[in-house]
Structure formats: structure tokens, C-alpha cells
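Inspection log for the structure reproduced underneath, given as C-alpha cells.
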There are 2 protein chains.
Amino acid sequence: MSITMHSASVPIFVRMLENCGHWLDKAEAHAQAKKFDPVVYLSTRLAPDMLPFTNQIQMACDGAKFAVARLAAVEAPKFDDTEATLAELRERLRATIAFIKSVPAAKLEGTEDKDVTIPRRAGPVTLKGEAYLKHFVLPNFFFHVTTTYALLRHSGVELGKMDFLGAIQQ
Amino acid sequence: MSITMHSASVPIFVRMLENCGHWLDKAEAHAQAKKFDPVVYLSTRLAPDMLPFTNQIQMACDGAKFAVARLAAVEAPKFDDTEATLAELRERLRATIAFIKSVPAAKLEGTEDKDVTIPRRAGPVTLKGEAYLKHFVLPNFFFHVTTTYALLRHSGVELGKMDFLGAIQQ
């Protein structure tokens, strides 16, 4: 099988968002063991001018959601960014995974040269589908996923590289 | 043009390792402005049991290097992991970029189903080329690149998302 625009995107998002759910489970267990309210995690930041934990998960989800919606030209579900508990963040992960799995792979195939326009504060920019996936979507997605993981490590949650990667299998 | 095993890997590594070099330039300027020795960055960690800055850059480089070497079945250059200054870390980035650019794209094409064996502490594991790239190489690579960026942000270096992504272009 050849690598494709779908195979190079959706399985990566699904795997990492599922892993993120497992980190939240471990974070909740850590909070229980240490007797603190897990809501504390949601406002942690790596630097005062970086976005907090909740936004990191929201943006990882949106990175995957908009990538699939824009490449496949389907409407993305709207999320209200109101998550205030670990349970609500888990639901955000679940809904995002459900959406990206629901889009038929065929809708993403052959989108390498499709024009994709990204809204930005500095003004919209248009990229070809493959450049969009490689140089915008994947770096952004992994940025927010890794920052989520780093915030939990910084908070003392016992996570390791195998938690980051998930089970290594075909 | 269809996405391929080469197009889905080497251009991502090159772009992000070049971006990493620019972060080091900004880190050096920040150290000069604040009058501290930039060698201080090299031992920073996000958590006491996470590897420090120097290792994050070494591992980002090695992630890219070994991915290309294993998929293309060429010998990887050996690096001694002795970097002790920002200049030496820049040289590691440069040498890694030079190596991965030197391997002909054709050697990576069609490696989706090739067996790739990864040495691990828990014992070697064999993956198909595409699964190796998507679920091991890219997450690992972005983990170390993002952690490098996060450590600099944590140290007060003025970096933003556009520094992380680099210039957005085709």
C-alpha cells in the first residue's frame, strides 16, 4: 500500500488523541493519590505567555479537525471551547476522534495539490494540501500534543515515552 | 504529485531542524541581552526526570537521521554526543540536515511495507516502514523538537508559533 493523504494524517491524529486520553486518566489518578483537585491541571502553563493546558488540548483537537475538514471539504463540528474539567476534555477528544474517523478516506485522497486557505491573525494564507499537512498541520498538532504531555510531566504525573507514543504495533 | 515516503519525511525534518537553528540564534541573543552564559540553556529540563536541552536536540537529530538511514538502507553518520555549546549544537543540526539531504529520494520511495527493526531497551521491535514513520519517527521527532522549543520559552527566550513553524510557504 502506498502512503496517502489520508493514511499520512488521520491515523496519526487518532493514535495521538487516544494517547492523550490515557495521559488524562493517569493525571486523574495522580491527583487522587496526591489529594488535589485535578482541575488544577487545566490552568498550568509552561511560560506565563503560553496558553494553558485546556487550550493545548482544544488546539490539538482543532488542528486535527480542521485539517480533515479542509482537505476533505466537509463541514467541521463546532465546539464551544467551554471545557472546565478533565471529563469535558476527554469528551472533546472523543468527539474529535469520532468526527475525523467519520470522514471517508476517499475524500482526503488526491488532495496533495488542492488549495487550502488558512485564516490567520496576519491574514489568510493559501497552501497546497500536502504542504499544508506537512508544514502546518502536523507541526501544530504535535506542538499542542507535546505541550499537553510536558505540562503533565511538569506537574509530576508519571508518564514516559511509551505513554507518549502509545503501544508500538503495526 | 502524490505524497511519498520521502516527501512525507525529509522535508519535515529539514524544515524543523532549520527552525531549531533559528531558535538557538534567538536564545544566544537573549543570553547576551540578559548577560548570562548561553551554556546555561544546555542543562535545563522541564522535569527532573526528563532529559535536558542538549539531549533533546541530539535526539531530534538522531530521530531524523536514523529514520532516513533505516528506510533508505544507508549507513548513518556517527555523532559522538559531546556537544557542550550552542555552536556545537548548531553544527549537529547542520550535519544532520546535510546527511538527510544527501540521501537520494528514490532510496526512500516505496518503503511503506519494508520491515524496519528498532532497537529498544525493552527489546527490538519490527514495524512496516509506513507505521514506523507515522507512529514512531514523527511523534518522537516532534516530541524532541517541541521540548527544545518549550525549554527555550521556559527560559524566557522570545519565541512564538511562527518561529516554531518557520515561514509558511509552499
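The values are calculated or read from the model by the stated rules, or taken from the named source; none is laboratory data. These numbers were taken from a predicted model, which means no experiment stands behind them. A quick note on method: Cβ atoms are made from the backbone with ideal geometry, for glycine too, and the neighbour counts reach across all protein chains shown. When the accessible area is computed, the model is the full protein with side chains, heavy atoms only, and any ligands, DNA or RNA have been set aside. Shrake-Rupley method; radii C 1.70, N 1.55, O 1.52, S 1.80 Å.
Indicate the gyration tensor shape class of the range B:11-68 (rounded, prolate or oblate), computed on the Cα atoms with a ≥ b ≥ c the square roots of the eigenvalues: a/c under 1.5 is rounded; otherwise a/b larger than b/c is prolate and the rest oblate.
Taking the square roots of the gyration eigenvalues as a ≥ b ≥ c, the range B:11-68 is oblate.
Relative to the longest principal Cα axis of chain B, at what angle does helix B:10-34 sit, 0 to 90 degrees, rounded to 10?
On a 0 to 90 degree scale, this one is about 10.
Would you mind checking the tilt of helix B:86-102 against the longest principal axis of the Cα atoms of chain B, expressed as 0 to 90 degrees and rounded to 10?
20
How much solvent-accessible surface does B:Ile118 expose, in Å² to the nearest 10, with a 1.4 Å probe and all protein chains in place?
My reading of the accessible area for B:Ile118 is about 0 Å².
Compute for chains A and B the buried accessible surface, both sides summed, probe 1.4 Å, and express it in Å² to the nearest 100.
Details: alone 9400 and 9380 Å², together 14670 Å².
Approximately 4100 Å², summed over both chains.
Tell me whether the range A:102-152 comes out rounded, prolate or oblate; compute the Cα gyration tensor, take square roots of the eigenvalues as a ≥ b ≥ c, and use a/c under 1.5 as the rounded threshold.
Cα axes put the range A:102-152 in the oblate bin.
In straight Cα distance, which aspartates and glutamates are under 17 Å from B:Lys114, not counting same-chain residues fewer than 8 positions off?
B:Glu75, B:Glu130
Return the sequence-ordered ³J(HN,Hα) values of the range A:148-156 in whole Hz as given by the Karplus equation 6.51 cos²θ - 1.76 cosθ + 1.60 applied to θ = phi - 60°, using x for Gly and Pro.
Result, rounded to whole Hz: 4, 4, 4, 5, 5, 4, 4, 8, x.
With springs only between Cα atoms under 10 Å apart, run a GNM on chain A and tell me which of A:Ala72, A:Ala122, A:Ala105 wobbles the most.
Looking only at A:Ala72, A:Ala122, A:Ala105, the largest GNM fluctuation is found for A:Ala122.
Tell me, what is the FRET efficiency for B:Asp115 and A:Val14 to the nearest 0.05, using R0 = 25 angstrom and their Cβ-Cβ distance as r?
Efficiency, from the Cβ-Cβ distance: 0.60.
Using θ = phi - 60° and the Karplus relation 6.51 cos²θ - 1.76 cosθ + 1.60, list the HN-Hα couplings for the range A:57-72 in order, rounded to whole Hz, with x at every Gly or Pro.
For the range A:57-72, the Karplus curve yields 5, 4, 6, 4, 4, 5, x, 5, 4, 6, 4, 5, 4, 6, 5, 7 Hz.
Would you kindly work out, in nm and rounded to one decimal, the distances from the label point of B:Ile118 to those of the same position in each other copy, ordered shortest first, with label points 7 Å along Cα-to-Cβ?
From this label point to the equivalent ones elsewhere in the assembly: 2.6 nm.
When a/c is below 1.5 the answer is rounded, else prolate if a/b is larger than b/c, else oblate, so apply that to the protein assembly as shown with a ≥ b ≥ c taken from the square roots of the Cα gyration tensor eigenvalues.
Details: a/c = 1.33, a/b = 1.01, b/c = 1.31.
Rounded, because the longest to shortest axis ratio a/c is under 1.5.
For the range B:59-167, with only Lys/Arg (+1) and Asp/Glu (-1) charged at the beta-carbon, what is the dipole magnitude about the Cα centre, in debye rounded to 20?
For the range B:59-167, the charge dipole is close to 120 debye.
Leaving ligands, DNA and RNA out of it, report the carbon-plus-sulfur percent of the accessible area of chain A at a 1.4 Å probe.
On the way: 4070 of 7350 Å².
The C+S portion of the solvent-accessible surface of chain A is 55 percent.
Students often forget the sequence filter, so: which lysines lie under 23 Å Cα-Cα from B:Lys26 once same-chain residues fewer than 8 apart are removed?
Once the sequence-local lysines are set aside, what remains near B:Lys26 is B:Lys34, B:Lys35, B:Lys161.
Taking the Cα centroid of the range B:1-77 and of the range A:113-170, what is the distance between the two, rounded to the nearest whole Å?
16
Using a 1.4 Å probe, what is the accessible area per residue for the range B:1-140, in Å²?
Per residue, the range B:1-140 has 46 Å² of solvent-accessible surface.
Calculate the FRET efficiency for B:Phe36 and A:Ala106 from the Cβ-Cβ distance with a Förster distance of 51 Å, rounded to the nearest 0.05.
0.40
Based on C-alpha coordinates, I'd like the Rg and Dmax of chain B, in Å.
16.5, 52
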